[in-house]
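Below is one structure, written out as structure tokens, with a few remarks after it.
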Amino acid sequence: MPYSATFVGVQALSAAVVASRPMADPDLAALVPRARAGDAQAVRMVVRVLAPEVLRTCRRVLANATEAEDAAQESLITLMKDLRLLQDPAAVVPFANRVASRTALRLRKRSQSRNARDAQWADQPRGASGPNAEHRRMVEQVMGVMEDLPENQAEALMLRYVLGYELAEIAQAMQVPVNTVRSRIRLARSAVAKSLQARQSPGESS
């Protein structure tokens, strides 16, 4: 994609990410080939439509709002550069979420603000109980384990269980066979279960 088209998209995404207001759905499958060809208007439309979805995905991985917005912007830039790799333009939404989940997971690994993130997840007083607090603890624990997974496994797990995609949709987004997706998810679930069990064991043994 020509640099000028990518630059137009980058300028358009900042306002879209901050506003995070979904637009009326255009025909994305028709816009993607035009965006690939460097059509600035198509680039703007693709970015503006996908920005809220990408931001939501980043927020599910990163509790820190600033980090989530940074990850969303980086994701959209990467997405516009990688559109040429997308074989099926109709799969652009799950493809975008794949890029977003991968980018956000990488940012988690790089981030030095784990304590700040933990504090934001636990927005109830320390020691608070209840379903919301328990859910936040569980989510943060699982996300922490996912950071250690191979990237492809973490992406597949995110798309399946965090974003709720069907196996066929994940295969379409990752551009691999469905059986490969099944294998990645199975391996990821096994690794997560073993890691969580290992973390809990020291406190339970006596």
Report task. Give LEU105, LEU187 a once-over and let me know the one that is at pLDDT below 90 and touching a helix residue (DSSP H, G or I) at 6+ places or on another chain (Cβ under 8 Å). Result -> LEU105
Query raised in the report: Within the set of pairs 6 or more residues apart or between chains, which connect a residue that is without any contact (Cβ under 8 Å) to a residue 24 or more places away in the chain inside segment 74-96 to a residue that is surrounded by 17 or more Cβ atoms within 10 Å (Cβ to Cβ) with Cβ atoms less than 7 Å apart?
Result: ASP82/VAL99
Report summary line: Filtering segment 153-171 for residues that are under 14 Å from ARG189 (Cβ atoms) and surrounded by fewer than 19 Cβ atoms within 10 Å (Cβ to Cβ) leaves a count of 3
Requested in this report: Out of the residues in segment 81-101 that are aliphatic (A, V, I, L, M) and closer than 10 Å to VAL54 by Cβ, state the one that is surrounded by the fewest Cβ atoms within 10 Å (Cβ to Cβ).
Outcome: VAL93
Query raised in the report: Which one of PRO33, PRO52, PRO94 is at pLDDT 90 or above, more than 27 Å from TYR161 (Cα to Cα) and part of a helix (DSSP H, G or I)?
Result: PRO33
Report task. Would you mention how many residues in segment 125-169 are hydrophobic (A, V, I, L, M, F, W, C), modelled with pLDDT of 70 or more and not in a helix (DSSP H, G or I)? Result -> 2
Report task. Sort out which residues of segment 62-79 are assigned to a helix (DSSP H, G or I), under 12 Å from the mean Cα position of the chain (by Cα) and within 8 Å of LEU107 (Cβ to Cβ), and write them in order of number. Result -> ALA71, GLU74
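The values are calculated or read from the model by the stated rules, or taken from the named source; none is laboratory data. Fair warning: this is a prediction, and the values are worked out from it, not measured in the lab. FYI the Cβ positions are ideal-geometry reconstructions off the backbone, even for glycines, and counts take in every protein chain you see.
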